[in-house]
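Participant: This is the structure, below, for whatever I ask next.
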There are 2 protein chains.
Amino acid sequence: MAAAPEAGASASPADAELVELVEKNLAEAVAGLELAPLLDEATRYALLGGGKRLRPILVLRACEAVGGRIEAALPAAVAMECVHAFSLVHDDLPAMDDDDLRRGRPTTHKVYGEDVAILVGDLLQGLAAESALKSPVEPLPVTVAVLEGSRRMIEGQVHDTVGGFPDDLVEEIDRLRLIHELKTAALIRASCRVGAIVGGGDPLVLDRYGAAIGLMFQVVDDILDETQSTEHLGKTGGKDRRSGKRTYPALLGLEESRAEVARLEAAAVSSLGDLGPPAEPLRALARRLAVRTR
Amino acid sequence: MAAAPEAGASASPADAELVELVEKNLAEAVAGLELAPLLDEATRYALLGGGKRLRPILVLRACEAVGGRIEAALPAAVAMECVHAFSLVHDDLPAMDDDDLRRGRPTTHKVYGEDVAILVGDLLQGLAAESALKSPVEPLPVTVAVLEGSRRMIEGQVHDTVGGFPDDLVEEIDRLRLIHELKTAALIRASCRVGAIVGGGDPLVLDRYGAAIGLMFQVVDDILDETQSTEHLGKTGGKDRRSGKRTYPALLGLEESRAEVARLEAAAVSSLGDLGPPAEPLRALARRLAVRTR
């Protein structure tokens with residue numbers, strides 16, 4: 001990691017440095033598979049095409065927040081981003097959300113075909129577990145947490161796509177919250193958990209932080225889908241509203257949705273309690289995610 | 001396990017008993033996830049709808065062959081069957097092989113829709129790794145082997161579906177062998193490997209056995225597709241020939257394909273070398289797989 005010399009050994013690296021570090025490790029994870037040319041290219045397209053890298057950054061920041069070494073959390077960070085990338089590739093398929101655009105580029109199936117996109121998603125899901133198993137610290141609990149987060153995310157996709165809710169869940173807002181908690185927050189929570197596990201801290205503290213920012217992230221997404229243009233988002237805007245999907249603004253209105261974001265941001269910051277200065281990047285991240293515009 | 005009392009403690013259980021044991025453990029693995037009703041039903045449909053259970057049986061028999069306890073290999077056996085089931089669900093999708101029939105029943109996407117089928121496949125792939133991690137013996141190497149087999153299988157699917165072969169592989173028969181070795185044999189090899197790992201034996205010996213019967217299994221499949229009816233197979237017969245797919249009979253003729261089966265059977269039996277009586281079920285299995293008619 002290229003830290004400025006005057007930053008000193010204890011200074012926290014900037015997010016941009018972490019993104020660079022994560023992308024280098026993602027590229028190395030794919031290279032390590034020694035795939036045949038086409039599959040290699042399609043996998044790189046799906047995994048290395050930009051994005052916020054929120055989940056791996058959370059793994060690294062959570063590890064840092066409990067006093068761990070950031071480098072030790074890199075395999076787990078790669079694992080979480082692979083789960084996220086796999087979910088996007090499958091979610092964009094015609095039989096699912098049928099999206100042509102992702103991160104301002106054609107989606108994987110638009111470039112390589114549906115068959116390859118299905119298989120690239122499968123490959124990335126497997127790579128996630130293979131990377132998690134390479135964690136130098138606690139590989140078993142790390143991989144268990146990655147897989148549990150991934151499974152909850154898949155359950156959320158089912159509810160979002162076809163319903164199939166638990167029989168006792170009848171209120172629309174409760175169903176929407178379940179979708180958001182599973183489909184989006186579960187992976188974000190798992191990212192915070194595995195970072196805490198690698199760093200030797202209390203996974204429960206970071207789990208609470210992850211639950212708050214995870215739900216907040218999706219409520220903000222709902223608000224942006226309602227208020228921002230396709231060009232600005234780099235993915236199709238207004239799609240949820242047009243397709244009649246449940247969203248926070250649709251069920252609660254924009255004002256109450258924004259109030260929910262503020263509550264969740266406060267809950268996230270407060271959950272970090274007495275973790276002190278090493279958790280400062282996580283506090284700043286909660287604030288930034290609350291006010292993001294894409 | 002309900003063994004006949006007069007069989008004695010050291011007698012090897014019959015295959016039918018192992019199938020029953022595997023299916024009980026598969027059902028328990030799904031129940032343990034506590035899925036919402038629809039996803040639970042669709043997952044059971046995909047995983048518990050019959051089949052030969054070849055891969056889990058191989059895990060258990062390989063474990064037995066090297067002197068291990070069959071019960072210790074059950075989580076790994078469940079893992080291998082979950083990988084197999086996930087691959088079938090995705091392989092049958094319209095964007096892939098577009099099959100309506102599997103094991104004599106409508107395929108998962110015909111019953112539950114493509115979206116649910118994609119997600120059930122994803123869920124089963126994750127469940128495979130979650131089960132492997134529950135191995136009471138060597139969970140890390142077991143899970144690594146399961147995931148490597150799964151990844152090779154996915155690579156084989158890519159070659160089978162869209163090509164993308166390594167640049168130096170130009171002969172049709174070499175490309176077909178690569179497809180078969182990856183798409184079919186890799187999981188069968190991995191099954192034998194993980195059984196040997198759990199049983200505390202030499203994974204390489206069982207790997208050689210698995211490589212031989214794995215390729216043999218697919219050559220027999222090619223022959224059956226050419227010679228048997230849809231009704232007899234429980235899946236669409238003659239499909240490979242009609243779709244112009246590479247097969248052993250198409251490239252080498254039926255007679256040479258049958259000779260290849262005989263050679264691979266001999267190689268499988270010979271690879272077991274001095275493993276003695278505990279490996280007898282594996283020898284019998286190689287013979288049975290060579291002459292199977294469905």
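The values are calculated or read from the model by the stated rules, or taken from the named source; none is laboratory data. Keep in mind that this is a model prediction, so the values were computed, not measured. Note that we place each Cβ from the backbone using ideal geometry, even for glycine, and neighbour counts take in every protein chain shown.
Participant: What number of residues within the range B:12-41 satisfy the criterion of being outside any helix (DSSP H, G or I), under 24 Å from B:ARG292 (Cβ atoms) and either within 14 Å of chain A (Cβ to nearest Cβ) or of a type outside the set (S, T, N, Q) (or both)?
Facilitator: 2
Participant: A:GLU171 - would you say it is away from chain B (no Cβ under 12 Å) and either charged (D, E, K, R) or on the phi > 0 side of the Ramachandran plot (or both)?
Facilitator: yes
Participant: So which residues in the range A:105-123 are of a type outside the set (A, V, I, L, M, F, W, C), within 20 Å of the chain's Cα centre (by Cα) and either buried (at least 18 other Cβ atoms within 10 Å of the Cβ) or within 12 Å of chain B (Cβ to nearest Cβ) (or both)?
Facilitator: Correct list: A:THR107, A:THR108, A:GLY121, A:ASP122.
Participant: Another question, if that's okay. Kindly indicate which of B:GLY164, B:GLY121 is in contact with a helix residue (DSSP H, G or I) (Cβ under 9 Å, 6 or more places away or on another chain) and assigned to a helix (DSSP H, G or I).
Facilitator: On the way: B:GLY164 fails: assigned to a helix (DSSP H, G or I).
After ruling out the rest, the residue left standing is B:GLY121.
Participant: Name the pairs whose Cβ atoms lie under 8 Å apart, with the first residue in the range B:24-38 and under 24 Å from A:THR161 (Cβ atoms), the second at pLDDT 95 or above and of a type in the set (S, T, N, Q), and 6 or more positions between them or separate chains?
Facilitator: The qualifying pairs are B:ALA29/B:SER131; B:VAL30/B:THR43; B:LEU33/B:THR43; B:LEU35/B:THR43.
Participant: Can you name the number of the only condition in (1) closer than 26 Å to A:GLU148 by Cα; (2) not in a loop (DSSP other than H, G, I, E, B) that A:LYS110 fails?
Facilitator: Exception for A:LYS110: condition (1).
Participant: Let me ask something else about it. Quick one: in the range B:152-167, of everything that is aliphatic (A, V, I, L, M) and closer than 17 Å to A:LEU127 by Cβ, which residue is farthest from the other protein chains (Cβ to nearest Cβ)?
Facilitator: B:MET153
Participant: Next up: Among the residues that make up the range B:131-147, is at least one of them facing another protein chain (nearest Cβ under 8 Å), assigned to a helix (DSSP H, G or I) and surrounded by 23 or more Cβ atoms within 10 Å (Cβ to Cβ)? Even if it seems obvious, please write down each step before you answer.
Facilitator: First pass over the range B:131-147, keeping only residues facing another protein chain (nearest Cβ under 8 Å): B:133, B:139-140, B:143-144, B:147.
Checking the rest, the ones that are also assigned to a helix (DSSP H, G or I) come to B:139-140, B:143-144, B:147.
With the extra rule that they be surrounded by 23 or more Cβ atoms within 10 Å (Cβ to Cβ), the set shrinks to B:143, B:147.
Within the range B:131-147, one or more residues are facing another protein chain (nearest Cβ under 8 Å), assigned to a helix (DSSP H, G or I) and surrounded by 23 or more Cβ atoms within 10 Å (Cβ to Cβ).
Participant: Search the range A:174-188 for residues being touching a residue at least 40 places away in the same chain (Cβ under 8 Å) and among the hydrophobic types (A, V, I, L, M, F, W, C), and hand back the single one that is farthest from the other protein chains (Cβ to nearest Cβ).
Facilitator: A:ILE188
Participant: Residue by residue through the range B:42-65, note down the ones that are modelled with pLDDT of 95 or more and surrounded by fewer than 16 Cβ atoms within 10 Å (Cβ to Cβ).
Facilitator: Result: B:LEU48, single match.
Participant: Within the range B:66-75, identify whether any single residue is more than 14 Å from chain A (Cβ to nearest Cβ) and either part of a strand (DSSP E or B) or modelled with pLDDT under 95 (or both), and answer yes or no. Write out each step before concluding.
Facilitator: Pass one, the range B:66-75, residues more than 14 Å from chain A (Cβ to nearest Cβ): B:66-74.
Then keep just the ones that are either part of a strand (DSSP E or B) or modelled with pLDDT under 95 (or both); that gives none.
No, the range B:66-75 has no match at all.
Participant: So which residues in the range A:255-294 are at pLDDT 95 or above and polar (S, T, N, Q), if there are any at all?
Facilitator: A:SER257, A:SER270, A:SER271
Participant: Applying the selection to the range A:42-51, what residues are part of a helix (DSSP H, G or I) and without any contact (Cβ under 8 Å) to a residue 40 or more places away in the chain?
Facilitator: Listed by number, the list holds a single entry, A:ARG44.
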